[in-house]
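Notes follow the structure.
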Amino acid sequence: MLKRQIRNSQLMILACDTIAILVAVQVAIFLGTGQYLLLTQGFRSIAVGYCFFLSLLFYITDLYNVRRDQHSDETASLVVLNAAIAAAFLTLSFYFYPRWIFGRSFFVILFLGTPGLVMTGRLIWSHLRGTLARPSTVAVLGDGPAVEELGMVAREHKLKVVSLPVAKYVPMLSGTHSQIISHQNGTGELQDAMTSLQPDIIVLEPSASLDPGTARTLIGARFSGIAVLDFPTAFQMLSGKLPLNHMDGQWFLSAHGFQFFESNIAVRLKRLFDLGLAFALLVVTAPLLPLIALGIKLSSKGPALYVQGRVGRNSQVFHLLKFRTMSVGADSEGPWTVKNDPRVFPFGRFLRLTRLDELPQLVNVLRGDMSFVGPRPESLVLVKLYEREIPYYNLRSAVRPGITGWAQTNYPYGSSVADAVEKLKYDLHYIQHLSLLFDIQIVLRTIRTVLGRHGSQ
């Protein structure tokens, strides 16, 4: 239910944008030609192409994130920028379709009208959502340290977070048998609270224990239409990562997901996706490769390629290929790279920022050492350290490492064990929900990350 509510909000934003874009095209045609030409009269291809391309740009620039403030200057600036790019794309398309003859006024009106109509639609949606729709209520059963952490991410989604009373237990002796019996008013108090608060979702805090009475109450709530979720499931729906510090190994045995490992078809489709995308990118970027190598040779003494042993699927070590961005011998100064690392020479910093240093890894993908999307491969030294310090770290080696990944698009470059823990939370979420569609989503988010100048340090 929680995931469906988030998806419905995103679909509502998409619907508002689609209506606004189609209206903008219709207005531009009318004012640009002086005629009222319906989109059904031969102009559907213009409207559909422009709408699809602009919606894709909105997705890449994270404008369908329901946590985004629709009133912010950043949102308005991104809408204007995307509208300009889409208008330029539409202008170029007219060279391939000469029968589309419009004056400059059409493009000017389209560029000026689209951002205004899109922002108006988003502001109306935001206002109606805040005034007419009742905010969804998340009720947490328990009072442990996880409650505050869940509350923070829930409020980002405009959800109301409340606490449910926990039944108290007292030991009662009955003959020779010791029993744990809840107070008579414990279950009644919980039922009264649920009737008063009317929660849409009930989340069980990890340390909360359920007596038979509380369990019956929660079962009744679930069969009445209220979603009852364990804490890890609810948390990752809102944050896109697993709360490893509030989990135990039993969860991995009973949790939904991880179906990728049970489907040979899914494995083969992912491999075909990797091969197709890696081959296409190698063909497109082939002219750049010698230029990048020349730039490295002119900027720093040493080879253009950097080869290092990395840990891959099933903990197998392979030779990862990258364009060298540091001075030769920089590895001896430490395994981590820090922000503004002095070991990175200027041209290497540009390569890292644009992710061009990772182009040789396309060869690793073709060889089967890596996937295009997956957990980032680490050196053997770091993997041994992380496996000693971080529970469940070995689980990330269940899949091929990737050039990009869910952690890379959600968390900045890390240089500590604490950063590795945060990235593992995202990596395990990715492995649990691994699918071809998820991979495509991550590729699109990677484009947004690169365009937003958030490349590797």
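Data table
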read-out: Average accessible surface area per residue within the stretch 214-373, 1.4 Å rolling probe, Å²; value: 53 Å²
read-out: Accessible-area ranking of 261, 235, largest first, probe 1.4 Å; value: 261, 235
read-out: Probe 1.4 Å - accessible area at residue 16, Å² to nearest ten; value: 40 Å²
read-out: The stretch 303-308 - phi-based ³J(HN,Hα) in whole Hz, Karplus 6.51/-1.76/1.60, Gly and Pro as x; value: x, 6, 9, 10, 10, 9
read-out: Ranking by accessible area, most exposed first, for 192, 17 with a 1.4 Å probe; value: 192, 17
read-out: Whole-number percent relative contact order across the stretch 178-284, with pairs defined as alpha carbons under 8 Å at least 6 apart; value: 19 percent
read-out: Separation between Cα centres of the stretch 377-447 and the stretch 214-247, rounded to whole Å; value: 24 Å
read-out: Above-threshold pairs, the threshold being 27 Å between Cα atoms, out of 241/270; 160/270; 301/425; 301/322; 384/423; value: 160/270; 301/425
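The values are calculated or read from the model by the stated rules, or taken from the named source; none is laboratory data. The shown structure was predicted, so the numbers you read here are calculated from the model rather than taken from an experiment. Side chains are part of the model used for accessible areas, which takes the heavy atoms of the whole protein and leaves out ligands, DNA and RNA. Shrake-Rupley method; radii C 1.70, N 1.55, O 1.52, S 1.80 Å.
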